[in-house]
Amino acid sequence: MIKGILLDYGGTIDTNGLHWANVLWESYQHNEVGVDREAFAKAYTFGERALALKPIIKPHHVFYDVLFLKVEQQFSFLRENGFEVDDQKIEAIAKECNDFAHTTVKKATPALAELAAQYPVVMVSNFYGNIKNVLQDFGIANYFQEVVESAVVGVRKPDPQIYQLGIDLLGFSPDECVVVGDSYSKDIQPAKTLGCRAVWLNVKGWDEKSELQRDSDADIEITDFTQIVNIIKELG
C-alpha cells in the first residue's frame, strides 16, 4: 500500500518530462545563438558543474536568477572555446525559459494539490540551495511536507542515499513509498535499489539512447504529470 510520495522537481514538475537541456537548446535556436548542438551540450554540462561546485547561486535567488546564471556560465564556456555569443541574449533566454517553467508548473499544480491532499509528499531534488525560495515563487511550497535538496544535505542523485533521506522523513518502509521522476538513472534506478515503487515520467531525455531506449524496471511509465494521481491509485 502506498503511504508516501517522493517527488523529483526539475524536469518533472517544471517541464513535464522534458530534460532542461532540450528546453534551453530550443530557446538558443529561437534566439539565434550561433552554436551547434554538440557545442551547446558541452556548454550545458560545464554550466551544470559550475553551479553545483561554486556558490554562484544564493538562497534568495528565484528560478529566473538560476536560469540567467546558468546561461551566463554557458556563454562564458562558449566564448572561451571560440564562439561569438551576444550577452544581451542571456536575459531573453532566461525570461523565455522562466515563462515556460511558470506555465508548466501552473498546469501541474492541480494534480500536485490533489496528490498532496491524499499523501504526504517529500521533494527530493538536485538543486543549488535555493529550492525553497523557488517553490515559494512558483506558489507550490505548501504541497511538500519536507524538501531534501542536494546542496543542503551534501548528497546528489543518482546516489540512493538522497532518496533514503526522503524515506526517513516520511517514516514509512521503502515499499510503502513511490518515487516519481523524469530521469531513469537519477530517479528510477535509485528508487528500485532502495525497494521503492517507481513512476517514470518518460517524455524526452537529452541523450535519448541512454534515457529512453532502454529496458525499464519502473513500475509504471507516464507521459504527462497530470496522470500522476490516477497512477498512484492504481499502484495502491
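Taking all C-alpha pairs of region 6-142, those more than 22 Å from each other amount to 38 percent.
3J(HN,Hα) along region 2-7, derived from phi through the Karplus expression 6.51 cos²θ - 1.76 cosθ + 1.60 where θ = phi - 60°, amounts to 6, 10, x, 10, 10, 10 Hz, with x in place of Gly and Pro. Computed extension gain for Ser173 through Asn142, at 0.36 nm per residue and net of the alpha carbon distance, reaches 8.8 nm.
In the chain, the longest principal axis of the Cα atoms and the axis of helix 160-170 are about 50 degrees apart. Diffusion coefficient of region 20-100 by Stokes-Einstein, Kirkwood radius over Cα pairs, 4 °C, 1.567 mPa s: 103 µm²/s. Of all aspartates and glutamates in the structure, the ones whose alpha carbon falls short of 17 Å from that of Lys54, not counting any fewer than 8 places away in one chain, are Asp65, Glu72, Glu149. Between the Cα long axis of helix 63-80 and the first principal axis of the chain there is an angle of about 50°, rounded to the nearest 10. The Rg/Rh ratio of region 94-206, with Rg taken over Cα atoms and Rh as the Kirkwood radius over Cα pairs, comes to 0.95. Across the chain, the longest piece that holds none of the GluC sites (Glu not before Pro) lying in DSSP loops with up to 11 other C-beta atoms within 10 Å covers 85-236. Considering only Gly82, Gly166, Gly129, give the residue with the highest GNM mean-square fluctuation for the chain, with springs between Cα atoms whenever their separation is below 10 Å. Among Gly82, Gly166, Gly129, the largest mean-square fluctuation in the Gaussian network model of the chain belongs to Gly82.
For the chain, the alpha-carbon radius of gyration amounts to 1.00 times the rule-of-thumb value 2.2 N^0.38 Å expected for a compact globular protein. Where a ≥ b ≥ c are the square roots of the eigenvalues of the C-alpha gyration tensor, would you call region 55-108 rounded, which needs a/c under 1.5, or, failing that, prolate if a/b is larger than b/c, or oblate? Note, shape of region 55-108 comes out oblate.
Arranged from fewest to most other beta-carbon atoms within 10 Å of their beta carbon, Leu24, Leu194, Leu165 become Leu165, Leu194, Leu24. Amide hydrogen proximity for Ala198: with H placed 1.01 Å from N in the peptide plane, the residues at 5 or more positions away or on another chain lying under 5 Å are Val179, Asp219, Ile220. Considering only Asn98, Asn133, Asn142, the mean-square fluctuation computed in a Gaussian network model of the chain, springs between alpha carbons under 10 angstrom, is largest for Asn142. For n ≥ 4 DSSP H runs only, could you compute -39500 (n - 2.57) per run for the chain, divide by its residues and tell me the 222 nm figure to the nearest 500? Mean residue ellipticity, 222 nm, calculated: -15500 deg cm²/dmol. Radius of gyration (Cα atoms) of region 14-64, expressed as a multiple of 2.2 N^0.38 Å: 1.28.
Listing Met123, Met1 from fewest to most neighbouring C-beta atoms within 10 Å gives Met1, Met123.
Read the figures in this text as sums done on the coordinates, not as results from a lab. Everything numeric in this text was worked out from a predicted model, so none of it was measured. Quick reminder, even Gly has a Cβ in these numbers, built from the backbone with ideal geometry, and neighbours come from all protein chains shown.
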